[in-house]
Every structure is written in C-alpha cells, then in structure tokens.
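Beneath this line is the structure, given in structure tokens, with notes to follow.
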Amino acid sequence: MIASLMKSWTIWMKIGVILFGVFLLSWLGPDEIGLTDLLISLGEGEETGNTLMLAVFLLVSLNTVLALFHYIGALLLGDEIGDRLNRPWLKIIIPLIVIPLDYIVINAYYSLTYSFSAYALLLLLAVLLLQAFEKDRLKPIIKTIICSQLIFGIEWLNEIPSLSKYGFGQGSISKELKDIAVQIGFEQSLTLYSLTLCLIFVINAVILAVYFSLAEQKWRIKQELHYAQLEAMQSRSGREALYLVHDLKTPLTAIEGLNSLISLKVDDSKIKEYCQKISSSIHSVSDMISEILYDDKKHWCRIKDLVEYVEASRLSGTNLNLKVDFQTDPEIKILINKIRMTRALVNLIDNAYDAVNGIEDGKILLKVKTYENELWLGVSDNGKGISSKEQKKIWKAGFSTKSHPGMGLAFVRQVAKGHGASLEIDSKLGHGTTIWIKLAERSVSR
Amino acid sequence: MNILVIDDDASIQYMLSEICEFAGWNVDTANNGKEGLNVFAEKGADVVLVDYHMPEMDGIKTVGELRKLNADVPILVLTVDERQEIADRFLEAGATDFALKPVKAPDMISRIKLHARLAKLTQSAPQQKPSEEKDVFVTKGISKRTLCHVSDFLHSNREPFSVDTISKEVGLAYPTVYRYIMHLLDEGKVEIIVSYQKIGRPKNLYQWIVD
C-alpha cells in the first residue's frame with residue numbers, strides 16, 4: 001500500500017507543490033516585488049499614506065501567494081492519502097502536521113521571520129473547517145480558488161496594529177509597516193482598510209464554498225437518479241425477458257408429455273428412437289431455460305463447448321473474425337451457467353469489436369488459460385486502451401463511451417459475481433485491453 | 001381411479017388427460033382453481049394435479065382451498081418454478097408433491113401411482129392420533145404420511161444419502177424431499193454428513209441417527 005503510494009505521481013506532484021511554496025521565497029521575496037524599495041522610501045519619510053497602503057497590499061498579496069502553495073499542497077495531499085488508505089482522519093491530520101512544519105522549515109532557511117503565530121492557527125482552523133464542511137466533494141481547482149480567497153482575507157488581520165498584541169502580524173515587515181502607520185497617524189485607516197478587505201474575502205470564500213458544495217450535491221443527486229433509472233430499466237427489461245422465457249416451458253411440457261406418451265404407445269423401434277432424440281432436445285431446451293431463469297443454475301461444461309457456443313452466439317451474421325487462443329487443455333470442465341457466461345463473454349467481445357473499429361489490423365482474441373488452479377477467460381483487443389481513470393468507472397451501470405446506456409459491463413460483473421469469479425482489466429493506452437474473468441479453483445475440474 | 005386435472009393451458013390439459021387415460025384412469029379437467037374446487041366438491045378425486053400459474057385463483061391458493069375440503073387427497077403440483085421458496089409455500093399450503101415441467105409420461109404415471117398407494121395405506125391403517133397429525137400438518141406444511149415415507153427409507157437404509165438420491169429412491173420430487181429432510185433435521189432425527197468429492201463443491205449427505 002505504502003509502496004503504491006510512493007509510486008503515484010499525483011502524490012509527488014502535491015509534495016512538489018508544498019516544496020515549491022517553501023522555496024518560492026527565494027525567487028519571490030520582498031526585494032523582487034519592490035516592497036523593500038517602498039519600505040526604504042517610507043523609512044526616509046518621503047512618502048505618505050498612499051505608499052503605506054500600497055506596501056501593505058503588496059505584503060498581503062505576497063504572503064497569500066507564498067502561503068497558498070503549502071496550504072493547498074498539504075490539503076490535497078491529505079485528501080489523496082486519506083482517500084487511498086481509506087482513513088478519512090488523515091485528511092485533517094496531514095495538513096495539521098505539514099503546515100506548521102512548513103513554517104519551521106521557512107524560518108530555519110530564511111533570515112526574515114515568517115511567523116507562525118495566532119493568525120496561522122486561525123487560518124489553519126478555517127481551512128480545516130472548510131475541509132470538514134464540504135466533505136471533499138469539491139474539485140481541487142475549486143478548492144484552490146476558495147482557499148486563496150480565505151487566505152487573502154485572513155492575511156489582512158496581520159496588518160491591523162491593534163491585533164499585534166494577540167500574536168497577529170509578528171513578521172518583521174508587518175511589524176515595520178504597522179509601526180510606520182502608527183507614526184504617521186494612519187492606524188485607524190489601516191485597521192478599517194484591513195478589516196473591510198478581510199471581511200469581504202472571508203465572506204466571499206464562505207459563500208463560494210456553500211455554493212459549490214450545494215451545486216456539487218445537486219449534480220450528485222442528479223447522477224444517482226440517472227443510475228437508479230438505468231438500473232430500474234435494466235431490471236424491468238430483464239423481468240420482461242424472464243416472464244417470456246418462463247412461458248416457453250408450458251408448450252415444452254405439452255410436447256414432452258405427448259412425445260413420451262407416443263413412445264409408450266408404439267412398438268416401432270425407430271419411432272421410439274425418434275422420441276428419445278426429441279426428448280433429449282426438449283431437455284436441453286429446458287436446461288437452457290432454467291439457466292436463463294436462475295443465476296445459480298450451473299452445469300459442468302467443457303471449455304471447448306463453451307467456446308464453440310460463444311462463437312456460434314456471436315458470429316452468426318457477421319464477417320468479423322474472432323480468434324481463440326487455448327493456452328490450456330480445452331477438455332477441462334468448468335462449473336458454469338453456460339448461457340449467462342456466454343452472454344457475458346459476448347458482451348466483452350462486442351466491446352472489443354467497438355474498440356478496434358476503424359483500426360486497420362484490429363484483432364480480437366478469446367484467451368483461455370489456467371493459472372495455478374484457476375481458469376482464466378479473457379477477451380483482448382489491440383484497440384486504443386482504457387485509461388486508469390476510466391478503468392475504475394467502467395463496471396458501473398450507465399458508464400458508456402458510446403451512445404447507448406452502458407449496461408454491458410455491469411452485466412458482466414453480475415455474471416462474474418454469480419460464479420464467484422473475479423474480474424481484471426489489463427489495459428495499456430495505445431496497446432489494447434484484456435478483460436479477464438477468473439474462475440476460482442472450485443469451479444474447475446481437470 | 002379418478003384424477004382431477006386443474007390447469008389453464010389447454011395443451012397441458014390434453015396431454016395430462018391422454019397420459020391418465022393411457023394408464024387406464026378417469027380424468028376430469030378444470031380450467032382454473034375455482035372451477036377445480038367445484039368439480040372436486042361435486043365428484044371428488046383420488047389424486048389432484050394442480051398447475052401453479054393460473055388466472056382467477058393460483059395454484060397455492062387452490063391447494064389451500066382443496067385441503068379445507070379434504071385433508072387426505074394427494075395433491076401433486078405441476079410447476080416450472082424450481083425455487084425452493086415456491087416449493088415451501090406449496091407444501092405449507094398442503095401440497096403433497098411436485099412434478100417439475102417438462103415431465104415424461106412414465107414418470108407422471110408412477111408418481112400418481114405412488115401417491116395413490118400412499119393415500120390408501122393411511123386410509124386402511126387405524127387412525128391413531130388424528131388431531132396431532134393435523135396439527136403438524138397445519139402448522140408446518142408437513143404431512144405425516146409423506147414424512148413416514150421419507151423417514152422409513154432413511155431408517156431402513158441407515159446410510160448417508162444426498163437429497164437427490166433420496167428423491168429418486170422414494171419417488172418424491174427434490175423440493176419435497178428437501179423440505180422433509182429439513183424438518184427431520186430440526187427434529188433431530190437425521191444428521192448432516194459432508195462429503196468431499198473429487199470435483200465441485202462438497203455435498204451434504206443425510207443419515208438417520210441411530211437411536
């Protein structure tokens with residue numbers, strides 16, 4: 001688990017964002033944005049209020065940009081690790097550890113004090129609240145927007161001279177600016193200016209968070225409704241088919257009854273033989289009907305017979321070619337519901353055809369192999385492949401890359417579940433896809 | 001012997017009538033449960049064959065109503081439904097046994113004969129505790145006659161058998177035997193022996209506990 005985390009580039013990217021935030025100060029410091037020059041001219045008493053306001057604004061903006069990287073990096077890192085390890089509390093704990101650590105590193109590395117004081121704690125709390133409130137429904141980009149507004153708003157509290165005694169704005173530049181404001185009698189203007197901006201941005205951030213999480217919730221409900229409708233549709237059309245199939249047994253019963261009566265009534269050995277043949281045909285139809293009606297109806301069946309049945313079910317009427325690759329003995333028997341397993345494989349084959357549609361040397365292969373004591377049935381194509389992001393979604397009812405409602409793979413999953421089999425996607429973008437149905441040992445007999 | 005066939009499907013009615021006539025029995029037919037009850041009240045029957053899916057009154061209800069009229073007549077249910085839960089509901093309503101569709105003429109004939117014979121045995125035997133018998137029958141859908149038939153087989157053979165084998169040996173349908181075995185298991189009369197076979201899942205075998 002940890003190893004797979006270490007390999008994930010998305011995690012390294014987030015750690016990179018945090019580190020970038022830490023070292024950004026080297027390239028984007030007070031000197032680079034002209035803040036130092038303004039401070040010098042303020043110190044010489046040449047300029048007045050205008051320069052002060054400009055300097056404060058530059059300082060807050062700079063602090064926001066610097067803070068944003070490690071806050072957002074820590075938040076997203078926490079989100080991702082928490083999700084992957086399925087431990088939601090990590091989403092809170094990781095930012096709580098990472099953010100103070102950032103400040104320690106920054107203070108150790110740079111000469112100017114970049115204080116992690118009361119304001120930083122307040123900011124941290126606000127960010128965590130945001131996290132808890134929206135229950136990570138929001139996309140990273142929206143999180144970044146809300147977070148930057150929140151940081152920008154709260155940063156202004158550092159510039160209020162009267163809040164200094166509560167630990168706000170202990171950074172060297174902040175202190176200096178506030179001292180100048182007090183000297184030139186700008187204390188009240190600066191307080192009002194800072195407070196107003198703080199309130200505007202904090203309130204705005206809260207409104208945005210509420211709006212986006214509501215919008216997201218609404219979108220989710222809409223999606224769920226869509227899935228529910230699709231599932232209802234599927235189960236209904238399934239039920240219709242079941243009733244129809246069910247009714248087929250009634251005429252079959254009359255045929256079998258009378259057929260067996262004929263063989264009781266006549267002495268002709270040929271006619272008896274015909275009746276026997278008719279009877280065995282009736283039984284195979286009856287077994288097929290049972291397999292369609294009941295998921296758990298299974299028979300031992302040679303792999304060879306299954307493959308032939310799949311070929312017959314799929315290929316009539318098409319000129320497309322399906323190749324079978326036996327990597328094991330085709331005489332091995334498996335305990336399956338032949339009809340349903342066939343439908344599942346045909347579904348996979350149809351998908352594979354869609355994947356190679358338009359590719360010149362498109363190939364579809366039905367692979368049969370044994371692995372340890374399991375039997376693997378795989379359908380592979382050399383189409384464009386499925387991205388790992390899509391791989392997670394494809395089994396869900398309603399997911400489709402085509403125009404029809406995606407029910408095929410949901411059905412395949414259902415059949416696999418009914419057989420106690422597992423499913424695996426082996427796909428490389430640009431190289432093709434293989435989907436394996438892996439039958440467990442107990443369903444295989446040699 | 002008089003057989004009453006209750007089935008809404010004309011071709012099945014015809015088929016069953018032909019089979020019964022071949023075996024030398026008289027047949028009355030009815031198109032649904034209501035009609036069947038009227039015919040039974042009027043003429044009676046030695047064995048009743050009832051379909052499951054019928055308009056007006058379905059098989060389960062029909063069996064229940066028939067049982068109110070007569071506690072002893074063998075009622076065989078014809079069904080395409082293979083689920084045990086449906087079988088349980090039928091047995092609770094008072095059905096004696098099943099025939100799963102499609103069914104062959106010789107099987108049908110031997111099944112009817114078996115139940116007629118079993119019914120005769122209980123009729124000729126002195127009724128020892130009729131009230132107790134009725135209680136078990138009403139509460140659990142277990143008939144003493146069928147129970148004796150199943151337990152006699154296990155008791156006299158003392159080996160473990162699968163439900164499948166017992167069903168073949170005693171001439172009762174799988175769902176019927178399964179339900180009676182479950183009843184005997186509850187009563188502590190039989191025990192489960194798990195048999196690990198070369199292929200497939202382990203199978204449950206049932207054996208009479210030596211008293």
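In segment B:52-72, which residues are open to solvent by less than 10 Å² (accessible area, probe 1.4 Å) and within 13 Å of the chain's Cα centre (by Cα)? B:VAL63 - this is the single residue of segment B:52-72 that is open to solvent by less than 10 Å² (accessible area, probe 1.4 Å) and within 13 Å of the chain's Cα centre (by Cα). Looking at this structure, is B:MET54 within 24 Å of A:ILE289 (Cβ to Cβ) and assigned to a helix (DSSP H, G or I)? So B:MET54 does not fit the description; no.
Across segment A:410-446, the number of residues qualifying as aliphatic (A, V, I, L, M), open to solvent by 20 Å² or more (accessible area, probe 1.4 Å) and touching a helix residue (DSSP H, G or I) at 6+ places or on another chain (Cβ under 7 Å) comes to 2. Here A:SER313 fulfils each of the conditions (1) in a helix (DSSP H, G or I); (2) open to solvent by 50 Å² or more (accessible area, probe 1.4 Å); (3) over 23 Å from B:VAL80 (Cβ atoms) apart from (2).
Of everything in segment B:1-23, what is over 14 Å from B:VAL73 (Cβ atoms) and in contact (Cβ under 8 Å) with a residue 12 or more places away in the chain? Give them in sequence order. Spell out how you get there, then give the answer.
Taking segment B:1-23 as the starting set, the residues that turn out to be over 14 Å from B:VAL73 (Cβ atoms) are B:7-23.
Residues satisfying the conditions are B:ASP7, B:ASP8, B:ASP9, B:ILE12, B:GLN13, B:LEU16, B:SER17, B:ILE19, B:CYS20, B:PHE22, B:ALA23.
Somewhere in segment B:41-54, is a residue closer than 28 Å to A:VAL266 by Cβ, within 14 Å of chain A (Cβ to nearest Cβ) and out of contact with any Gly (no Cβ under 9 Å at 6 or more places or on another chain)? Yes, segment B:41-54 contains at least one residue that is closer than 28 Å to A:VAL266 by Cβ, within 14 Å of chain A (Cβ to nearest Cβ) and out of contact with any Gly (no Cβ under 9 Å at 6 or more places or on another chain).
I'm checking my understanding of the structure. Among residues of segment B:118-165 that are at pLDDT below 60 and under 27 Å from B:GLN84 (Cα atoms), which one is nearest to the chain's Cα centre (by Cα)? Out of the qualifying residues, it is B:PHE137. For segment A:242-250, the condition holds for at least one residue, the condition being that it is surrounded by fewer than 13 Cβ atoms within 10 Å (Cβ to Cβ) and either of a type outside the set (A, V, I, L, M) or more than 14 Å from chain B (Cβ to nearest Cβ) (or both). Residues in segment B:2-21 that are among the β-branched types (Val, Ile, Thr), more than 10 Å from chain A (Cβ to nearest Cβ) and within 14 Å of B:MET108 (Cβ to Cβ): B:ILE3, B:VAL5.
In this structure, is A:MET288 within 14 Å of chain B (Cβ to nearest Cβ), assigned to a helix (DSSP H, G or I) and touching a residue at least 12 places away in the same chain (Cβ under 8 Å)?
Numbers: within 14 Å of chain B (Cβ to nearest Cβ): yes; assigned to a helix (DSSP H, G or I): yes; touching a residue at least 12 places away in the same chain (Cβ under 8 Å): yes.
Answer is yes for this residue.
On inspection, A:LEU230 fails the criterion of being over 44 Å from the mean Cα position of the chain (by Cα) and open to solvent by less than 40 Å² (accessible area, probe 1.4 Å). In this structure, A:GLU159 does satisfy being open to solvent by less than 90 Å² (accessible area, probe 1.4 Å) and under 15 Å from A:PHE57 (Cβ atoms). If you filter segment B:87-109 down to residues that are open to solvent by 10 Å² or more (accessible area, probe 1.4 Å) and within 13 Å of the chain's Cα centre (by Cα), you find that the one that is nearest to B:ILE12 (Cα to Cα) is B:LEU100.
Consider A:ILE72 carefully, then state whether it is at pLDDT 80 or above, under 24 Å from A:ALA209 (Cβ atoms) and open to solvent by 60 Å² or more (accessible area, probe 1.4 Å).
Working: at pLDDT 80 or above: yes; under 24 Å from A:ALA209 (Cβ atoms): yes; open to solvent by 60 Å² or more (accessible area, probe 1.4 Å): no.
It is false that A:ILE72 is at pLDDT 80 or above, under 24 Å from A:ALA209 (Cβ atoms) and open to solvent by 60 Å² or more (accessible area, probe 1.4 Å).
The values are calculated or read from the model by the stated rules, or taken from the named source; none is laboratory data. Quantities reported herein were computed from a predicted structural model and do not represent experimental measurements. So basically every Cβ, Gly included, is an ideal-geometry build from the backbone, and we count neighbours across all protein chains shown. With ligands, DNA and RNA removed, areas are computed over all heavy atoms of the protein, side chains included. Shrake-Rupley method; radii C 1.70, N 1.55, O 1.52, S 1.80 Å.
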